[in-house]
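This report concerns only the one structure given below.
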Amino acid sequence: MNLKQLQTFVQIVAKGSFAAAAEGMHTTQSTVSARVKDLEHDLGVELFDRSAHRAQLTPKGRELFAMSQQIVAALEQLRARIADTSSVSGTLRLGAVGVVAGTWLPALVRELRTRHPALELQLDIALSKALTRKIRAAQLDVAIIVGRLDEPELQCESIGEERFAWMASPSLGAGGARLTPSDIAALPVIALPPESFHHAGIKAWFAAGGARYQPAITCSSMEVMARLVTMGQGVGMLPCDYYGSDVSLGALEILRTEPAMPGAEITLLSMAGRPSAYVAAVTDAVKVVRRHRLVDA
């Protein structure tokens, strides 16, 4: 039994098939199958039920998976602590949600480039669900998303919180008094689509206030949504820091609501058991950028 066999085993379970694991590890399916057979031979047990269409674990397989995750994760931590981080190179595929892209992502890019001059960056800006799909498909190395995903195959680390509030153009005349969900529902609501992280929380906020959540306009771009709000076409739930300058200039105003909108957790997402110096590099850089942001706030 060796580490490569355990890493391959973890990848098969995380990806759901031998073929997907091979693609994620940039190897062939025959190589993946051979590693599993060798691992099963060394242990003297069957790890997968071959009669199932997917890579379904046997009881012994489930037991090994729990231990293998810990071993692979410990190796990644060891590599991140001991390795020369200045030597990180290659192409880092980094995803980020719009609220991060418009605020501190440029500072993160600068920090990464300063620490790792040989590193090439490919940035992907999208909604959290789209970024999560790309992490699972090995199309991204790391993603900064909104919300937390408690799934065994994913590694999700909290890196802070973003404040959100209902905003409108002063020309709409919605400011002043404290507004309830029913008051907001009476206005044209401009929102992100149902697949956005915020959809369920906003819908629950309206329901708790006895109001129906029915957006007048749905848009997949937060930038476009904010422009429509600025033009007086309706109200929208927007990140306070992202549009703080617009509020200061009087182009937008924050509406006082009862209850207030809760903040949104920002997390760093990667695949558990997928060793990568990129994850460690981004994690370290994010901590520096977020710390400086808190000091400057």
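Values quoted throughout were computed directly from the atomic coordinates according to the rules given, and no laboratory measurement underlies them. Quick caveat, the model's predicted, so the values are computed rather than measured. Cβ atoms come from the backbone with ideal geometry, glycine included; neighbour counts cover every protein chain shown.
For the chain, what does -39500 (n - 2.57) per DSSP helix run (n ≥ 4), summed and divided by total residues, give at 222 nm, in deg cm²/dmol to the nearest 500? The helix-only estimate for the chain comes to -13500 deg cm²/dmol at 222 nm.
The H on the amide N of Leu154, modeled in the peptide plane, is under 5 Å from the matching H of Ala272, each at least 5 residues off or on a different chain.
Within segment 164-297, what percent of beta bridges assigned by DSSP are antiparallel, to the nearest 5? About 60 percent, rounded to the nearest 5. Full extension of the chain between Gln29 and Arg113 gives 26.7 nm of extra length, using 0.36 nm per residue less the Cα-Cα distance. In segment 193-251, the C-alpha radius of gyration followed by the widest Cα-Cα span (Dmax) gives 12.4, 34 angstrom.
Counting every C-alpha pair in the chain, the share spaced more than 36 angstrom apart comes to 31%. Since only Thr27, Ala216, Val282 are under comparison, the one whose Cα sits farthest along the positive direction of the charge dipole of the chain, derived from C-beta charges on Lys, Arg, Asp and Glu, is Thr27.
Across the chain, C-alpha contacts under 8 Å between residues 6 or more apart give a mean separation that, scaled by the residue count, equals a relative contact order of 23 percent. For the listed residue pairs Lys4/Lys134; Lys15/Lys203; Lys4/Lys129, the alpha carbons are over 26 angstrom apart in Lys15/Lys203; Lys4/Lys129. The amide H of Ile159, built 1.01 Å from its N in the peptide plane, has Ile266, Thr267, Leu268 as neighbours under 5 Å, considering only residues 5 or more places off or on other chains. Close amide-amide hydrogen proximity is noted between Thr257 and Leu179, each under 5 Å apart and 5 or more residues distant or on a separate chain (H modeled in the peptide plane; Pro and chain starts excluded).
Under 14 Å from the 7 Å Cα→Cβ point of Lys60, by amide nitrogen: which residues of segment 1-32? Under 14 Å, as judged by backbone N against the label point of Lys60, lie 1 of segment 1-32.
Mean Kyte-Doolittle hydropathy of -1.0 or higher plus an axial Cα length of 27 Å or more: which whole DSSP H helices in the chain meet both? Qualifying helices, which must be both long enough and hydrophobic enough, are 59-82, 277-296.
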